[in-house]
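Trainee: Below you'll find the structure I mean.
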Amino acid sequence: MEYEIVELKARTVVGMGTRVRNEAPDMVQKIGGVWGAFLGGERAKLNPAPDAPCLGLYTHYDWSDGSYDMFAATESGECPEGFRRIVIPGGKYARFTFHGDVQKATADAWEKIWAEPLPRACQVDFEEYGQPGPDGQADISIYIGLADLCQSCGMPMTGDELRGTEADGSRSADYCCYCYQKGAFTADCTMEEMIDFCLDTEEGKKLYTDREQARKKMMEYFPTLKRWSCAKR
């Protein structure tokens with residue numbers, strides 16, 4: 001599924017929500033219940049602007065059990081009892097845009113998005129809905145928050161604790177804590193040796209069942225990373 005990388009400013013929205021799991025048998029009913037209540041009258045309590053879009057937000061992921069918080073929300077200066085303010089962080093997002101039924105088209109899109117190998121930040125992902133027409137179809141965008149990738153090993157840096165350090169102790173903008181400490185790389189290696197190291201980690205063995213195919217793709221991708229593109233100049 002095609003997408004574009006966009007840079008968003010932080011924004012705060014107000015919504016109501018629930019905790020769900022994708023594998024839970026009541027997941028669809030719980031999410032549907034939140035939307036039903038929100039659109040059925042609760043949204044009016046927020047006194048939103050007439051053109052304020054509705055958003056579906058997903059945050060506070062717990063990968064140990066596959067659970068996350070889901071909110072139906074909009075932009076509002078008010079936050080009455082029963083609602084919460086949610087901050088959508090600024091940063092890079094993958095934006096998927098399409099037009100279709102607000103329920104079926106969105107569900108179909110998510111099924112494809114989950115299959116995309118995106119370096120997800122796992123902070124806040126969200127849907128933004130245009131005004132539906134009489135046929136129930138609308139312009140829809142889904143935004144997936146992206147993490148910065150280590151420019152040495154390609155690992156998503158989903159938090160500051162995963163960033164390496166510069167000589168002055170500040171966090172590195174480019175490299176992870178495993179590759180870079182105190183302003184220097186932790187290992188003097190070639191690009192090929194780095195690829196083999198990544199493939200041989202426990203996580204690598206789980207992710208890449210076809211080692212040769214994975215190595216071939218890495219050999220194509222790693223030269224685009226800063227450490228190795230500089231090495232070839």
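Trainee: Which net charge results for the neighbourhood of Met157, defined as the other residues with beta-carbon distances under 10 angstrom from its beta-carbon, given Lys and Arg at +1 and Asp and Glu at -1? Mind showing how you got there, number by number?
Mentor: Details: positive: Arg163, Arg171; negative: Asp148, Asp160, Glu161, Asp174.
Around Met157, the charge tally is -2.
Trainee: Quick one: net charge around Val13, please, counting Lys, Arg +1 and Asp, Glu -1 for every other residue with C-beta under 15 Å from its C-beta. Write out the running numbers ahead of the final one.
Mentor: On the way: positive: Lys9, Arg11, Arg43, Lys45, Arg84, Arg85; negative: Glu42, Asp51, Asp69, Glu75, Glu78, Asp125, Glu127, Glu128.
Spelling it out: positives minus negatives among the neighbours equals -2.
Trainee: In units of 2.2 N^0.38 Å, what is the alpha-carbon radius of gyration of region 1-132? Numbers along the way, then the final one.
Mentor: On the way: Rg = 14.6 Å, N = 132, 2.2 N^0.38 = 14.1 Å.
Output field value: 1.04.
Trainee: With a 1.4 Å probe and all protein chains left in place, how much accessible area per residue does the chain have, in Å²? If you can, show how the numbers build up before the last one.
Mentor: Details: 13340 Å² over 233 residues.
Accessible surface, normalised per residue, equals 57 Å².
Trainee: Shifting gears a bit: Run the dipole for the chain about the Cα centre, Lys and Arg Cβ at +1, Asp and Glu Cβ at -1, nothing else charged, and hand back the magnitude in debye, nearest 20. Display every interim value, and only then the final one.
Mentor: Values: 27 positive and 38 negative charges, 70 e Å.
Dipole about the Cα centre, nearest 20: 340 debye.
Trainee: Quick one: if the Förster radius is 30 Å, what FRET efficiency do Leu162 and Ala107 give, using the C-beta to C-beta distance and rounding to 0.05?
Mentor: Numbers: r = 32 Å, r/R0 = 1.07.
The formula returns an efficiency of 0.40 here.
Trainee: Divide by every residue of the chain the summed helix terms, -39500 (n - 2.57) for each DSSP H run of at least 4, and state the resulting mean residue ellipticity at 222 nm, rounded to the nearest 500 deg cm²/dmol.
Mentor: -7000 deg cm²/dmol
Trainee: I've got another one for you. So how much slack lies between Met27 and Arg85, counting 0.36 nm per residue of separation and subtracting their Cα-Cα distance, in nm?
Mentor: Values: separation 58, 0.36 × 58 = 20.88 nm, distance 2.27 nm.
18.6 nm is the gain from fully extending Met27 to Arg85.
Trainee: Of all accessible surface on region 55-192 at a 1.4 Å probe, what whole percent is carbon and sulfur?
Mentor: Here carbon and sulfur together make up 49 percent of the probe-accessible area.
Trainee: In whole Å, what are the extents of region 89-157 along the principal axes defined by its C-alpha atoms, from largest to smallest?
Mentor: The Cα atoms of region 89-157 stretch 51, 24, 14 Å along their principal axes.
Trainee: Take the Cα atoms of the chain, find their three principal axes, and give me the spread along each one in whole Å, biggest first.
Mentor: 61, 41, 33
Trainee: Quick one: divide the alpha-carbon radius of gyration of region 1-73 by 2.2 N^0.38 Å and tell me what you get. Numbers along the way, then the final one.
Mentor: Details: Rg = 14.2 Å, N = 73, 2.2 N^0.38 = 11.2 Å.
Expressed relative to 2.2 N^0.38 Å, the Cα Rg reads 1.26.
Trainee: Net charge within 13 Å of Gly133 by Cβ-Cβ distance, Lys/Arg positive one each and Asp/Glu negative one each, not counting Gly133 itself?
Mentor: Values: positive: none; negative: Asp101, Asp135, Asp139.
Taking every other residue near Gly133 into account, the sum is -3.
Trainee: Still on this structure, I have one more. Past the 19 angstrom mark, what percentage of all C-alpha to C-alpha distances in region 136-233 do you count? Each step should come with its number before you reach the end.
Mentor: Details: 2363 of 4753 pairs.
The proportion of pairs with Cα distances above 19 Å equals 50 percent.
Trainee: For the modelled label position 7 Å from the Cα of Asp65 along Cα-to-Cβ, which residues of region 120-147 have backbone nitrogen atoms closer than 20 Å?
Mentor: 123
Trainee: Please list Arg84, Arg211 in order of solvent-accessible area, largest first, computed with a 1.4 Å probe with all protein chains present.
Mentor: Arg84, Arg211
Trainee: If the label point is 7 Å along Cα→Cβ of Thr97, which residues in region 113-136 have backbone nitrogen under 16 Å from it?
Mentor: From region 113-136, the list is 127-131.
Trainee: Also: Determine the alpha carbon to alpha carbon distance for each of Lys45/Lys104; Lys92/Lys226; Lys206/Lys226; Lys104/Lys206 and list only those over 21 Å.
Mentor: Details: Lys45/Lys104 28 Å; Lys92/Lys226 18 Å; Lys206/Lys226 26 Å; Lys104/Lys206 33 Å.
As for pairs spanning more than 21 Å Cα to Cα, those are Lys45/Lys104; Lys206/Lys226; Lys104/Lys206.
The values are calculated or read from the model by the stated rules, or taken from the named source; none is laboratory data. Here the structure is a predicted model, which means the values were calculated and not measured. Don't worry about glycine lacking a Cβ; one is built from the backbone with ideal geometry, like all the others, and counts go over all protein chains shown. These area figures cover heavy atoms from the full protein model, side chains too; ligands, DNA and RNA do not enter into them. Shrake-Rupley method; radii C 1.70, N 1.55, O 1.52, S 1.80 Å.
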